[in-house]
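Everything on this sheet refers to the single structure shown next.
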Amino acid sequence: MLTTGAVDREKIYQWINELSSPETRENALLELSKKRESVPDLAPMLWHSFGTIAALLQEIVNIYPSINPPTLTAHQSNRVCNALALLQCVASHPETRSAFLAAHIPLFLYPFLHTVSKTRPFEYLRLTSLGVIGALVKTDEQEVINFLLTTEIIPLCLRIMESGSELSKTVATFILQKILLDDTGLAYICQTYERFSHVAMILGKMVLQLSKEPSARLLKHVVRCYLRLSDNLRAREALRQCLPDQLKDSTFAQVLKDDTTTKRWLAQLVKNLQEGQVTDARGIPLAPQ
């Protein structure tokens, strides 16, 4: 293990120190991002060492001019993504997460999520930025959801869910799913018809797209989002009218044949929408008055 050897430990300290100097920073970013999985306490070391977080934020801000007009190169993208990987490490560690949120560091990543260029450097930048937010929501901490709801993360995720690459769409949908699974998040999205309808419209477009280009992993997150929305009574009422037919018929039977979890969620979703519905004598749903 890397943490057991004193020499290796010294190397980590050296690289952290080297982050403070622009001359040595690039190599230190690369080395530390490679080692982040094998050093359990790297996050507190990064957070509490002098000037380190400022250096990582400087790496992020340095890229802003390359966003618009979109001139980001592969080299620039790789370098800033190494900095983002270290911030992800800080975001997911229980000792540093609260301070990371209190400092509003996720907001520095939002300009990257606003980008629309389809080139690989931008795609990689968006995906890595989403990874930081994904690491935050994975913790299922209330403070994370409360923080995110004060920001524009939902519309940003919805835009990526509509037009990103499959991987970016998957992470963005996972973030939305985690927000919805929190009671505060569900209430927030279902609070106004505008918010709900925006989410429902994008999910509907995704279902249509998935019927043409199936992805079991992405479909799983989409179905889970719909199922969670159906826990809210007003949303359930609206979903009775706007749930895509592809989720009611056998469109995805082949894609889901080995996925018992998603099949169960889908069956539960359909059941939720049927419960409490007014039907005529033949059992056919009546349109609401």
Of the residues Ser98, Ser38, which single one is modelled with pLDDT of 95 or more and of a type in the set (Gly, Ala, Ser)?
Ser98
Filtering the range 153-173 down to residues that are in a helix (DSSP H, G or I) and farther than 21 Å from Leu229 by Cβ, which residue is least open to solvent (accessible area, probe 1.4 Å)?
Ser168
Say we look at the range 1-35 and pick out the residues that are small (Gly, Ala, Ser) and surrounded by fewer than 15 Cβ atoms within 10 Å (Cβ to Cβ); which of these is modelled with the lowest pLDDT?
Ala6
If you scan the range 202-212, which residues turn out to be open to solvent by 80 Å² or more (accessible area, probe 1.4 Å) and free of Cβ contacts under 8 Å to residues at least 40 places away in the same chain?
Leu208, Lys212
Test Ala103 against the stated conditions and say whether it is more than 26 Å from Ala253 (Cα to Cα), among the small types (Gly, Ala, Ser), at pLDDT 95 or above and open to solvent by 10 Å² or more (accessible area, probe 1.4 Å).
yes
Please go through (1) in a loop (DSSP other than H, G, I, E, B); (2) in contact with a Pro (Cβ under 9 Å, 6 or more places away or on another chain) for Ala91 and return the number of the only condition it doesn't satisfy.
(1)
Pairs returned, first residue in the range 74-97 that is within 16 Å of Val137 (Cβ to Cβ) and open to solvent by 10 Å² or more (accessible area, probe 1.4 Å), second residue that is of a type in the set (Val, Ile, Thr) and not in a loop (DSSP other than H, G, I, E, B), beta-carbon separation under 8 angstrom, 6 or more apart or interchain, are Gln88/Thr128; Gln88/Val132; Arg97/Val90; Arg97/Val144
On the basis of being surrounded by fewer than 18 Cβ atoms within 10 Å (Cβ to Cβ) and either among the polar types (S, T, N, Q) or out of contact with any Phe, Trp or Tyr (no Cβ under 7 Å at 6 or more places or on another chain) (or both), does Thr150 make the cut?
yes
Any hit, the range 115-134, residues being open to solvent by less than 70 Å² (accessible area, probe 1.4 Å), of a type in the set (D, E, K, R) and closer than 18 Å to Ser168 by Cα
yes
Within the range 215-247, take every residue that is in a loop (DSSP other than H, G, I, E, B) and over 18 Å from Met201 (Cβ atoms) and give me the one that is least open to solvent (accessible area, probe 1.4 Å).
Ser215
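The values are calculated or read from the model by the stated rules, or taken from the named source; none is laboratory data. The structure presented is a predicted model; accordingly, all values stated were derived computationally and were not measured. FYI the Cβ positions are ideal-geometry reconstructions off the backbone, even for glycines, and counts take in every protein chain you see. Just the protein is used for accessible areas: all its heavy atoms, side chains included, with ligands, DNA and RNA removed. Shrake-Rupley method; radii C 1.70, N 1.55, O 1.52, S 1.80 Å.
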